[in-house]
Amino acid sequence: MRNATYKIAVMPGDGIGHEVMDAALPVLAAAADKVGGLTFSFTAENVGADVYRARGTDIPDAAWAAAEGADAILFGAAGDPEVRYPDGREIAPQLDLRERLELFAGVRPLRLLPGARSPLADPRAATIDLVLIREQTEGLFSARQQRDADPDSASDVMKITRAGAARLFDFAVNLTRRRKAAGHAGRLTLVDKANVLNSMAFFREVFDQRLAPHGDISGDYVYVDAAALNLVRAPWDYDVMVTENMFGDILSDLDAGLVGGMGMAPSGDIGLNHALFQPAHGTAPDIVGQGKANPTAMILSAGMMLDWLGDRHGDPAARRAGDMIRAAVDSAYGAGDLVPHEHGGAAGTGDIQAAVLDALAAL
């Protein structure tokens, strides 16, 4: 068990990233105080479009050093449609962090909170509780900074390596097993396009090889187009899904829509030695400074960070604090009168933070 202070690199980023981070940090501190024996040392680092505009780099050297030396990274949101690299791409320091720190597993838990709103009318929507795992260092994103020599063409390469796929599937098997122990189905679904793409047929081959020794986990496949249909039709049928980088990028947003939108969707970018936690949403320049940003995903991402720290360091206090944050969010929404702006309600950033803090104090 760990008894030291955790070093957290805090990177609010741009736009509403600062607002949701400011809302989440007091919740994190309150949960730590509640359980006791859990302390943090925060280092604030500027990354993203604003710092790129001022300094010509989106991740200064000091921020890299902080990220590499931290026990975990808590990230807000980064980017601005008006600020781009010379090649026309938007500023995206989160992608650089994933690649350099080898944060290969993008973990997107999708659960409809009590009292929250899903666009699905079926009452079974209340049972949505799945995890999408997205590979984040290879796939179609692997050639994102390359350009064709021919000025009249452009191409992107879907790169899948045996080592990259194997570590992803091993991670997915372990997560599925932990969920099974907690009462879930223990079912791991590979999302691919193996009927068309050679890279995806190889992806499936490695999946079968890594899953074979684990008889306690059931595995199956679904093509990505069918997965999109099935997730809208019956998302409650899935437990854990694992897929390639681009497919995961698309499906994770679809999944978020099923549980109330991006403001309700936390995520973790996890590697063997480092991890970063952030809400799945962007910087929302249209609502910056208006107090409308929904901090729920940021707060839940902080809870995910506590889970990871607890598992990595054998720290039950961190795990209890993560459980408390989720319980407080559930209680705040379960009361039925907490409706964020994007759902047509009046609850802003401060309202949601206050409701979660009150619920946490009452636990």
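If you go through the stretch 123-141 one residue at a time, do you hit one that is touching a strand residue (DSSP E or B) at 6+ places or on another chain (Cβ under 6 Å), of a type in the set (D, E) and either over 30 Å from A347 (Cα atoms) or modelled with pLDDT of 95 or more (or both)? Scanning the stretch 123-141, I find at least one residue that is touching a strand residue (DSSP E or B) at 6+ places or on another chain (Cβ under 6 Å), of a type in the set (D, E) and either over 30 Å from A347 (Cα atoms) or modelled with pLDDT of 95 or more (or both), so the answer is yes. For the criterion of being in the same structural domain as V27 (by TED's automatic domain parsing) and within 20 Å of the chain's Cα centre (by Cα), A359 fails. Annotation: S252 fulfils all but one of (1) assigned by TED's automatic domain parsing to the domain that holds P26; (2) within 23 Å of M11 (Cα to Cα); (3) outside any loop (DSSP other than H, G, I, E, B); the unmet one is (1).
Taken over the stretch 121-137, the residue count meeting the criterion of being charged (D, E, K, R) and more than 17 Å from the chain's Cα centre (by Cα) is 2. Residues in the stretch 29-51 that are within 19 Å of D307 (Cβ to Cβ) and surrounded by fewer than 23 Cβ atoms within 10 Å (Cβ to Cβ): A29, A30, A32, D33, K34, V35, G36, G37, T39, F40, F42. Residues in the stretch 307-316 that are surrounded by 19 or more Cβ atoms within 10 Å (Cβ to Cβ) and in contact (Cβ under 8 Å) with a residue 24 or more places away in the chain: W308, L309, D315. Considering A293, A354, A362, the condition of being at pLDDT 95 or above, in contact with a Ser or Thr (Cβ under 8 Å, 6 or more places away or on another chain), farther than 30 Å from E68 by Cβ and not aromatic (F, W, Y) is satisfied by A362 alone.
Among residues of the stretch 184-220 being part of a loop (DSSP other than H, G, I, E, B) and either in contact (Cβ under 8 Å) with a residue 40 or more places away in the chain or β-branched (V, I, T) (or both), the one that is surrounded by the most Cβ atoms within 10 Å (Cβ to Cβ) is I217. Could we say that E68 is out of contact with any strand residue (DSSP E or B) (no Cβ under 7 Å at 6 or more places or on another chain), modelled with pLDDT of 95 or more and surrounded by 24 or more Cβ atoms within 10 Å (Cβ to Cβ) here? So E68 fails the test.
Taken together, the residues in the stretch 229-254 that are touching a residue at least 60 places away in the same chain (Cβ under 8 Å), aliphatic (A, V, I, L, M) and touching a Phe, Trp or Tyr at 6+ places or on another chain (Cβ under 9 Å) amount to 2.
The values are calculated or read from the model by the stated rules, or taken from the named source; none is laboratory data. The structure presented is a predicted model; accordingly, all values stated were derived computationally and were not measured. Here Cβ is always computed from backbone atoms with ideal geometry, including for glycine, and neighbour counts include all displayed protein chains.
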